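Here's the structure, in structure tokens; my notes come after.
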Amino acid sequence: MRKFILIWFGQLISTIGSYMSEFALTLWAWQVTGSATALALVGFFSLLPRIFISLFAGILVDRANRKYLMILGDAIAAASTVGILILHLSGNLAIWHLYVAASINGGFGQIQQLAYSTSITLLVSPRNYTRANSMNSVVHYGSNIIAPAIAGLLYPMIGLAGILPLDLVSFVIAIATLIWIRIPQPDPKQREQKIVGAQGLRPNKRSVLWEEITFGIRYIWRSSSLKTLMMITAWFWFAHDLGAAIDEPMILARSGNSSQALSVILSIAGIGGVTGAVVLSAWGGTKQRVNGMLAGFMGAGFAKIIFGLGQNLTVWLPAQFCASLSFPLLGSSETALWMETVPSEFQGRVFAANSLVLELVSAIAMLIAGPISDRILEPAMQSQNIVSFLLIPIFGNGAGAGMALLYVVSAIAMLLIGAISYRLPQLRFY
């Protein structure tokens, strides 16, 4: 685990820097536009290139040096941050620049993430898969504790121009940890032998590229368990991202544009996630990992329902803590299921195929969440009609009420997906 821990530490520092920049850019974008759609589109443009790159990223990750791919991802993200900083300092930064930067970072970030996740099976033993993935949850949630707190404190004093250089320093640290570590690579001969062993999946000479591109999805589709796993997680993340796309503008709208409220909620999310990850690391997860995943689905959905119904920090903070507590369990259990089922020699293509489906549904969710909120639900909740008459006692009729309605509907869907999936026989394989 020593090599993994060192790489993990570098990614933790880099993620803290990136989250600080994201927090500062969210505040900047909301101040400039005041639009939930504008913020949701940043997430959409981050996912859009991932969808297309996923077609080829798996092949690249299975065949190229994964260490160099991770370094490339960090280097491109650093260059993107430099570009935003220059535009901001020159007074030319516009919201569409964030869309371009999100697209560039999303595309190369997809390759980096696949290279990182597929390297885990070569760096740690199978019994530590859940533990390693729970440590990766600490990267995300630990950064959510530190980054918003630091950025929220520094933003009023040094602004975007002061926070972006800190992000650049974090990239240097992440790249430095990767340069001096040798990351094992899959054996090409074993990879080809296992492909031959997977009947009907060996590329033929007439359509080698197409067979390579579709290898991952065909591998998943041949297994009823993997196919079902992919489909239920796709529906879960669609519901999750439909609400997540508008959660920050919802908080800002309902708190009077309070950056402090948003900062403390994100920090509490980090505390809940780190708590869940630490407990999971010590515990090791459920014996049947599918049960851990589905329990996480339901726990996150229930807590998010309470969060969406709240209108102040008294409700938001404990609900956010409980929601974040569930995500290390569901995320680590889901990833461990894929790791233990798919041979490491072609995990890149299979993981990329699964990622392609998840990113496609997430992109759709992020694309529609903003317009649904801005053009349909927000006006509906602030006018005299049957919908507002029934729902104003629950959500109120101030700014953000329509976004809260969408958030709660999405959370109910997350809860139901977890509950219904317990009855699916295809998942009893795990």
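So how many residues does the stretch 387-428 have that are of a type in the set (A, V, I, L, M, F, W, C), more than 30 Å from residue 225 (Cβ to Cβ) and in a helix (DSSP H, G or I)?
13
Among residues belonging to the stretch 377-386 that are loosely packed, with under 14 Cβ neighbours inside 10 Å and assigned to a helix (DSSP H, G or I), point out the one that is modelled with the highest pLDDT.
379
Of the conditions (1) surrounded by fewer than 22 Cβ atoms within 10 Å (Cβ to Cβ); (2) among the hydroxyl-bearing types (Ser, Thr, Tyr); (3) under 29 Å from residue 139 (Cα atoms), residue 225 clears all except one; give me its number.
(3)
Among the listed residues 300, 244, 239, 295, identify the single one that is more than 16 Å from the chain's Cα centre (by Cα) and among the small types (Gly, Ala, Ser).
The match here is 295.
Quick check, is residue 363 among the aliphatic types (A, V, I, L, M) and not in a helix (DSSP H, G or I)?
Considered against the rule, which asks whether it is among the aliphatic types (A, V, I, L, M) and not in a helix (DSSP H, G or I), residue 363 comes out as no.
Filter the stretch 312-336 for residues that are of a type in the set (Gly, Ala, Ser) and more than 22 Å from residue 139 (Cβ to Cβ) and give the result.
Scanning the stretch 312-336 gives a single hit, 319.
Regarding residue 353, is this residue in contact (Cβ under 8 Å) with a residue 24 or more places away in the chain and crowded, with 22+ Cβ neighbours inside 10 Å?
Criteria met by residue 353.
Can you say whether residue 270 is out of contact with any helix residue (DSSP H, G or I) (no Cβ under 8 Å at 6 or more places or on another chain) and over 30 Å from residue 425 (Cβ atoms), as far as the supplied structure shows?
no
Within the stretch 163-175, is even one residue in a helix (DSSP H, G or I), within 22 Å of the chain's Cα centre (by Cα) and modelled with pLDDT under 85?
No, because not a single residue in the stretch 163-175 is in a helix (DSSP H, G or I), within 22 Å of the chain's Cα centre (by Cα) and modelled with pLDDT under 85.
Quick check, is residue 192 at pLDDT below 70 and surrounded by fewer than 20 Cβ atoms within 10 Å (Cβ to Cβ)?
The answer is yes for residue 192.
If you check residue 113 against the conditions, is it surrounded by fewer than 22 Cβ atoms within 10 Å (Cβ to Cβ), polar (S, T, N, Q) and assigned to a helix (DSSP H, G or I)?
It is true that residue 113 is surrounded by fewer than 22 Cβ atoms within 10 Å (Cβ to Cβ), polar (S, T, N, Q) and assigned to a helix (DSSP H, G or I).
Check the stretch 274-282 and report whether any residue there is hydroxyl-bearing (Ser, Thr, Tyr), surrounded by fewer than 19 Cβ atoms within 10 Å (Cβ to Cβ) and in contact with a helix residue (DSSP H, G or I) (Cβ under 7 Å, 6 or more places away or on another chain).
Among the residues of the stretch 274-282, at least one is hydroxyl-bearing (Ser, Thr, Tyr), surrounded by fewer than 19 Cβ atoms within 10 Å (Cβ to Cβ) and in contact with a helix residue (DSSP H, G or I) (Cβ under 7 Å, 6 or more places away or on another chain), which makes the answer yes.
Do you know which residues across the stretch 22-52 are small (Gly, Ala, Ser) and surrounded by fewer than 24 Cβ atoms within 10 Å (Cβ to Cβ)?
29, 34, 35, 38, 43
Only one of 47, 27 is touching a residue at least 24 places away in the same chain (Cβ under 8 Å), farther than 19 Å from residue 117 by Cβ and assigned to a helix (DSSP H, G or I); which?
The match here is 27.
The values are calculated or read from the model by the stated rules, or taken from the named source; none is laboratory data. Owing to the predicted nature of the structure, the values given are computational and were not obtained by experimental measurement. Cβ sites come from the backbone with ideal geometry, for glycine too, and all protein chains shown count toward neighbours.
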